[in-house]
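Structure first, commentary second.
Values quoted throughout were computed directly from the atomic coordinates according to the rules given, and no laboratory measurement underlies them. None of the values given here were measured: they were computed from a predicted structure. Virtual Cβ from ideal backbone geometry, glycine too; neighbours counted across all protein chains shown.
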């Protein structure tokens, strides 16, 4: 068993079994959510922390980043540019609603406002935890409640969207998925080394750099240099399992239990945020003419990877979802921590 752990074989076996079971029952995002669920349950029952090298997660992220890049066309940029300002306004409203709700609940529970706000904002778990430390929030609670938010969104939004909009209803043209045989016949597959290396080098330099870097470099090569070949479905499947295992590895039942009844409160906040994002998406769609599926997934308070994968299943436009979700990530990571720091310092000095 120690040998299996050392080489991450145990994690890979459990993850692929979970993905296969989810795929067998035709559940949404089976290879991500199935492997995530299997790893979480396995750790809970065995009382062991699964071993899975971070390199595998990086491989999954750069692979899907490159795949998402294939969706982009020249028209994508002309379409998305006029909608950036309305999208930023809608995202700002969503963030404001999150701050208001998380501040209000502190009137009834013994959690300070700083911790509560950072626990509910739909940003990256790691980024929000680190930012909260600078304001002396309880970062342990931030991690727990952000985990509750992440898991809730992952298991609510994709299944809900796929249930509402049939996977057979297709709007966006997706890149044709290749076969493994083509790998040995087409030398242009070696060009994927460029986005892979670029994404890896940018992973700690820009927000979501490993995905963004891989995706942007793929777009540049594919549109302006040489059309890239399609990525085999087996490789995409493996990449999704790697990401699912990495997410599941960081979710521990004891941590979720540690939040106790307060975890349920932040689950309710997450549900309200999802509902708010859907209302905003409806008006965004009316205002801009962007189809409702793309609008819903663009404003949903979930992860870029999961929302874009869902877009490819329900016929939304994955390129637009990618562009909008990246905009949301940049707004939250670059603006929100600084703005909150100023607000709470101002409030503290005023009191």
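Quick notes on this one:
- Normalised by the number of residues in the chain, the mean separation of alpha-carbon contacts (under 8 Å, six or more apart) gives a relative contact order of 28 percent.
- Label-point separation, residue 108 to residue 77 (7 Å along Cα→Cβ), nm: 5.0
- Across region 14-159, Cα pairs under 8 Å and at least six residues apart give a relative contact order of 16 percent.
- Highest to lowest packing among 113-119, 218-224, scored as the average C-beta count within 10 Å: 113-119, 218-224
- Anisotropy class of region 225-303 from Cα gyration tensor, a/c 1.5 cut: oblate
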